[in-house]
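The values are calculated or read from the model by the stated rules, or taken from the named source; none is laboratory data. This structure is a prediction, so every number in the text was calculated from the model and none was measured. Here Cβ is always computed from backbone atoms with ideal geometry, including for glycine, and neighbour counts include all displayed protein chains. Surface accessibility is based on the protein's heavy atoms, side chains included, excluding ligands, DNA and RNA. Shrake-Rupley method; radii C 1.70, N 1.55, O 1.52, S 1.80 Å.
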Amino acid sequence: MTKKNDYLERIFTFAQAELLKAPVALRYLAARGVYEQQVYDLRLGYVPEEVWPPYIDPSKASEEEAYYLDKSKRGFKLKGKIIFPMTNAMGSLRGLQVRSPKLDVKDYWKFYSMSSDIDAIFFGLDIAMPHIWETQEIVLVEGIFDLFPVQRVFPNAVCVGTARISDLQLKFLKRYVKNVRFMFDNDEFGEGAYEKFYRNHIRDFHSIQKLSYLGKDPSASWERLGEEKFKAQFVTEEVPDTRVGLYRAR
């Protein structure tokens, strides 16, 4: 019996191999602050414009596969795109997000499988999970490209994928962490999401804090400051507070 999300595994196995043969995609990722090891660790992929993703016969498709074919226009929405896996804590694929490597193309799309409503889904969660277990702390970023520079400072960082914490994500946070750190965008939506979460859930956690940084979002901050200055925003030589760990929260 095939597993429900085997088609996602096939897509990412294909796309990971294609990414390593696509200079346009690799150059774009490097410019956006993605290091080589993160390409492998986070299982990034690329679907060439001239090649379709792994074929699924519509006449033999399972309900799950038919759902994917419908939402993705039979895979067309993946063509020419870098794809990012959205997983649960065990690393099981529950969906994907796509970005175009063309600087003049703003083509965002996300797909979540029919089984995505059974557990919490983040980008980078499986990689961050050992560090979350160890520290009982988590750092939340809003956008896909925000995660890459932040993860190199805080290995327990994950990408929510939006400025809204879902009910399942909240359930995960309450179960696994005591301290929640926000690095959402410095705009009204990111600020509002942090303030709402703090107001509604301050009693559910040991601490909820916002990590300050320069720039409109962590990705833009990294582009503006470079690697070392970006990291320097969060390091302190002071003896760390046991609640806050190594984070300088403001």
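For the full complex of protein chains and a 1.4 angstrom probe, list 222, 133 by accessible area with the highest value first. Provide the component values of the computation, followed by the final result.
Details: 222 40, 133 165 Å².
Putting 222, 133 in descending order of accessible area: 133, 222.
Run the helix sum for the chain: -39,500 (n - 2.57) per DSSP H stretch of 4+ residues, divided by residue count, reported at 222 nm to the nearest 500 deg cm²/dmol.
Working: 10 runs with 95 residues, N = 250.
Value at 222 nm, helices only: -11000 deg cm²/dmol.
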- request: Using a 1.4 Å probe and ignoring any ligands, DNA or RNA, find the accessible area of residue 208 and quote it in Å² to the nearest 10.
  value: 10 Å²
task: Can you bin region 1-135 into rounded, prolate or oblate? Criterion: square roots of the alpha carbon gyration tensor eigenvalues sorted a ≥ b ≥ c, rounded for a/c under 1.5, prolate for a/b above b/c, oblate for the rest.
output: oblate
Rounded to whole Hz, the Karplus (6.51, -1.76, 1.60) HN-Hα couplings of region 152-162, x for glycine and proline: 6, 9, 10, x, 9, 8, 9, 9, 6, x, 6
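Percent antiparallel among DSSP beta bridges with both residues in the chain, to the nearest 5? Please list the in-between numbers first.
Values: 15 of 27 bridges.
Around 55 percent antiparallel, to the nearest 5.
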- request: Classify region 123-205 as rounded, prolate or oblate, taking a ≥ b ≥ c as the square roots of the eigenvalues of its Cα gyration tensor: rounded when a/c is under 1.5, otherwise prolate if a/b is larger than b/c and oblate if not.
  value: oblate
- prompt: Which entries of 110/178; 77/106; 21/102; 79/106; 174/196 show an alpha-carbon separation above 23 angstrom in the structure shown?
  reply: 110/178
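Could you work out the relative contact order of the chain? I mean the mean sequence separation of Cα pairs under 8 Å and 6+ apart, divided by the number of residues, in percent.
This gives 14 percent for the chain.
Scaled to the compact-protein estimate 2.2 N^0.38 Å, what is the alpha-carbon radius of gyration of the chain, rounded to two decimal places? Intermediate results must be reported in sequence, preceding the final value.
Working: Rg = 18.5 Å, N = 250, 2.2 N^0.38 = 17.9 Å.
With N residues counted in the chain, Rg over 2.2 N^0.38 Å equals 1.03.
With all protein chains present, how much of the accessible area of region 1-159 (probe radius 1.4 Å) comes from carbon and sulfur, to the nearest whole percent?
Details: 4130 of 7570 Å².
Using a 1.4 Å probe with all protein chains present, region 1-159 comes out at 55 percent carbon and sulfur.
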- prompt: Using alpha carbon centroids, what distance separates region 94-129 and region 11-52, in Å?
  reply: 14 Å
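Accessible area per residue, 1.4 Å probe, Å², for region 26-109: what's the number?
Values: 4460 Å² over 84 residues.
Each residue of region 26-109 exposes 53 Å² on average to a 1.4 Å probe.
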field: Separation of the residue 224 and residue 103 label points, Cα + 7 Å toward Cβ, nm
entry: 1.9 nm
statement: Long-range amide H partners of residue 95, meaning residues 5 or more apart or on another chain whose placed amide H is closer than 5 Å, are 86, 113
query: Using 7 Å Cα-to-Cβ label points, what is the residue 216/residue 21 separation (nm, one decimal)?
result: 3.7 nm
message: If the elastic network links every pair of Cα atoms under 10 Å, which of 213, 55, 28 fluctuates the most in the Gaussian network model of the chain?
response: 55
